[in-house]
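**Q** One structure follows; several queries about it will come next.
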Amino acid sequence: MNYEINVIFSCGVEAFLPAVDVWLVVDVLRATSVITRWFEIGGAELFPVKSTDEARELTRTFKNSGRNPILMGEINGIPPEGFDLGNSPSDLNPENVKSHDCAVMSTTNGTVALNEAASTGSPVIAASLRNYSAALDHALTFGKKIGIMCSGRKRSPSWDDTLCAGAIIKRLQELLAQKNLEDPEHIRKIFMSDSAKISLLVWESGESNLLGCIKRSEHAVYLERIGYANDLEFCCQLDAATVVPMLFTDERGRNFLKSVSGNANPYRKSQIQNSIANSNPNSNSNPENSNLKFEELLNYTKSTTAKPENYFFINKSKPKK
Ligand code: MLT
């Protein structure tokens with residue numbers, strides 16, 4: 001009856017990953033939040049890859065075989081050159097999502113973490129604060145040894161992912177406490193790794209002021225600086241979705257995600273749409289700035305003196321055909 005929960009604080013650092021029944025891969029800011037959003041609004045298969053080159057190559061392959069992929073992701077938080085979309089949830093809308101039969105996605109940490117978890121052979125689910133309850137519920141159908149792989153940042157822990165890991169652990173505790181009440185003859189316990197205990201502490205320190213807490217993270221500060229402040233609020237919408245993006249392998253051994261559960265919780269839907277509508281000032285509203293070159297954006301992200309208000313620029317959506 002014992003459960004085990006283990007948290008890996010960052011992808012790319014552990015030589016040996018623990019043997020688990022299932023992985024929950026977390027990148028709150030922003031890859032798994034965007035992935036959740038993709039499926040919330042009806043997206044089809046999404047291929048997470050490890051590099052921008054691999055993403056471009058796979059997109060070409062799909063196009064040559066008659067598929068209609070959309071290419072999305074980020075480097076330093078901004079859309080890589082030639083990509084259709086960046087990695088902001090406000091880049092996604094039902095039109096650009098549904099007009100493609102798949103997505104190819106490359107991000108600095110999130111898509112790397114998904115592939116790393118997949119390499120262990122255990123089932124993999126993408127989790128974020130937006131879908132953490134649904135993701136955990138589904139994960140428990142695979143067994144009692146749960147691994148949470150945080151994507152982290154620069155091969156180090158990130159505050160936002162650790163916070164989300166803590167939210168998942170708290171929910172597991174609550175679920176088991178409830179089961180123990182109903183069935184006191186079979187008490188269920190959880191063995192927590194030290195990293196799991198730390199994550200729980202982070203969650204408990206921040207759950208009453210989630211947005212304020214997320215804003216403490218280094219990546220949140222960075223995203224605010226480059227004009228993506230509204231993404232933070234969006235990524236903090238707890239359990240706004242019930243989609244469970246789960247990893248599968250196609251006939252050529254390529255990893256792809258598809259949703260194994262229902263749609264966004266209808267009760268929250270209007271809230272989500274409003275938040276998207278009021279969201280990123282970088283989105284389609286400022287066409288003047290949409291022609292800035294990728295190098296220029298990249299330089300901005302490295303500069304400490306540039307003012308974000310001069311760079312509300314990112315509009316990489318392709319014109320509709
Ligand atoms: C990542 O994979 O590191 C990200 O999701 C970064 C971002 O979206 O800014």
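**Q** Strictly over 28 Å apart at the Cα level, which of Lys154/Lys197; Lys145/Lys179; Lys215/Lys258; Lys170/Lys258 would you flag in this model?
**A** In this structure, Lys215/Lys258 exceed 28 Å between Cα atoms.
**Q** Which aspartates and glutamates, if any, have their Cα less than 20 Å from the Cα of Lys98, not counting same-chain residues under 8 positions apart?
**A** Candidates past the 8-residue exclusion: Glu40, Glu45, Asp84.
**Q** Sticking with this structure for a sec: Identify the trypsin sites (Lys or Arg not before Pro) of the stretch 29-88 meeting these criteria: DSSP loop state and at most 10 other C-beta atoms within 10 Å of the C-beta.
**A** none
**Q** Could you name the aspartates and glutamates whose alpha carbon sits less than 15 Å from that of Lys50, not counting residues in the same chain fewer than 8 places away?
**A** Those aspartates and glutamates meeting the cut-off are Asp27, Glu74, Glu116.
**Q** Over the stretch 123-229, what is the relative contact order in whole percent, taking alpha-carbon pairs under 8 Å and six or more residues apart?
**A** Value for the stretch 123-229: 26 percent.
**Q** In addition: Using a 1.4 Å probe, what is the accessible area per residue for the stretch 143-208, in Å²?
**A** 50 Å²
**Q** Of all accessible surface on the stretch 141-247 at a 1.4 Å probe, what whole percent is carbon and sulfur?
**A** Carbon plus sulfur share of accessible area: 53 percent.
The values are calculated or read from the model by the stated rules, or taken from the named source; none is laboratory data. Here the structure is a predicted model, which means the values were calculated and not measured. All Cβ positions, even for glycine, are placed from backbone atoms using ideal geometry, and neighbour counts span all protein chains on display. Ligands, DNA and RNA are stripped out before the accessible areas are found, and what is left, the full protein with its side chains, is counted by its heavy atoms. Shrake-Rupley method; radii C 1.70, N 1.55, O 1.52, S 1.80 Å.
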